[in-house]
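S.K.: Once you've had a glance at the structure underneath, I'll fire off some questions.
Laboratory data are not the source of any read-out in this text; all were calculated from the coordinates shown. Because the structure is a prediction, the values reported are computed rather than measured. Heads up, the Cβs are rebuilt from the backbone with ideal geometry, glycines too, and the neighbour counts pull from every protein chain shown.
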Amino acid sequence: MAIHPPIEVLAPPLRHPVATPVDSAAGRAERPQALLDRALEQVLALYPEPLRSTERADLARQRFHLAQIYRPGARIADLGGGIGLLSPACAALGMTTWLVDDLRDAVNHRFPIEELGVHRRAGVRVLAIPVADFGKHFEDASLDVVTCIESIEHWLHSPRPVMEEIARVLRPGGLFLLAAPNAAGAHHRAKLLFGRSNWSRFEDWYYPAEFRGHVREPVLADLLRIVDELGFERRAVFGRNWLGAPRGWRRFALATADRALRPFPALCKDLYVLAEKPAAEH
């Protein structure tokens, strides 16, 4: 059944989407940043409070994600994206978008995705299934983009079968954005020096009947090894230190630290590897 989102579709789909480079100066200059911003703001307005304030604090991070993977008319699967802005913003930009998430986190109980209505109104196809099962719903070489952003660290199973399915469903030339919190980031190293845990909060681990926190945070070498073993070509490696919504001196201090650490991704709080499935098998 065709889905007709009641919000404006900002970019008409192209018949043959082309994956253009994003790690060159020319690519960055040509990226339609204003279009991405408008899509994010349009989708943000659909969220009720207090979620709207939470998602607004996440705008810079989601804008960064969109800038890496936006391709007019592309088919994208967002693995583990939850009720956040990315998948509805992709749909609002004219991308055929699937969200794959079991939707069992605490926030999903407070704001069930169907009652929230943001993704439905944007035209996102929601697969409320474990990420491990996502490959059953896609044919070979049927997707242009797959994102897995801060999801892999939550999985209780090996990520390898999911990664192999990503390689299968991506078309040659398709993009894969893999991101995770950095187990060896400078912030974790500082915590350990002061005797503090660098793992999940005690309250999140000890009290809930089901633990939904971080099972294993990778380091940069882990993410690079994953894309290399898939036979993908590395397009870019990024390190970021997303701020959330701090204020005053803390915001200034964190922004300064972020700028200083970005040239050294292995020390950053958030790791990204952008990879491309080669046009021909090696």
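S.K.: Compute the FRET efficiency between TRP199 and ARG52 as 1/(1 + (r/R0)^6), taking r as their Cβ-Cβ distance and R0 = 30 Å, and round to the nearest 0.05.
M.R.: Result of the calculation: an efficiency of 0.50.
S.K.: If we count every other residue with Cβ under 11 angstrom of ASP133's Cβ, Lys/Arg +1 and Asp/Glu -1, where does the sum land?
M.R.: -1
S.K.: Give the residue from ALA180, GLY82, CYS268 lying farthest towards the positive end of the charge dipole for the range 25-276; charges sit on Cβ (+1 for Lys and Arg, -1 for Asp and Glu) and the dipole is referred to the Cα centre.
M.R.: CYS268
S.K.: Give me the distance in nm between label points sitting 7 Å out from Cα along the Cα-to-Cβ direction at VAL215 and ARG262, one decimal.
M.R.: Once both label points are built, they end up 3.4 nm from each other.
S.K.: Starting from 0.36 nm per residue, how many nanometres of slack lie between ALA279 and ASP133 once their C-alpha separation is accounted for?
M.R.: Computed gain between ALA279 and ASP133 is 50.0 nm.
S.K.: Straight-line reach from LYS136: which lysines fall under 26 Å, measuring Cα to Cα and dropping same-chain residues less than 8 apart?
M.R.: Answer for LYS136, where 26 Å is the Cα cut-off: LYS277, listed by chain and number.
S.K.: For the range 25-276, what are Rg and Dmax over the alpha carbons, in angstrom?
M.R.: Calculated on Cα positions, Rg and Dmax stand at 17.8, 50 Å.
S.K.: When only C-alpha pairs under 8 Å and at least 6 residues apart count, what is the relative contact order of the chain, in percent?
M.R.: Answer for the chain is 17 percent.
S.K.: Another question, if that's okay. Would you mind classifying the range 182-267 by shape? Square roots of the alpha carbon gyration tensor eigenvalues, ordered a ≥ b ≥ c; an a/c under 1.5 is rounded, otherwise it is prolate if a/b is larger than b/c and oblate if not.
M.R.: oblate
S.K.: When TRP205, TRP249 are ordered from fewest to most other Cβ atoms inside 10 Å of their Cβ, what list results?
M.R.: By the 10 Å Cβ count, ascending, the order reads TRP249, TRP205.
S.K.: Quick one: if the Förster radius is 30 Å, what FRET efficiency do HIS157 and GLU233 give, using the C-beta to C-beta distance and rounding to 0.05?
M.R.: Efficiency for this residue pair is about 0.65.
S.K.: Something else about it: Of all DSSP beta bridges in the chain, what percent run antiparallel (nearest 5)?
M.R.: 45
S.K.: Give me the three principal axis extents of the range 62-158 from the C-alpha atoms, as integers in angstrom, largest value leading.
M.R.: 33, 30, 24
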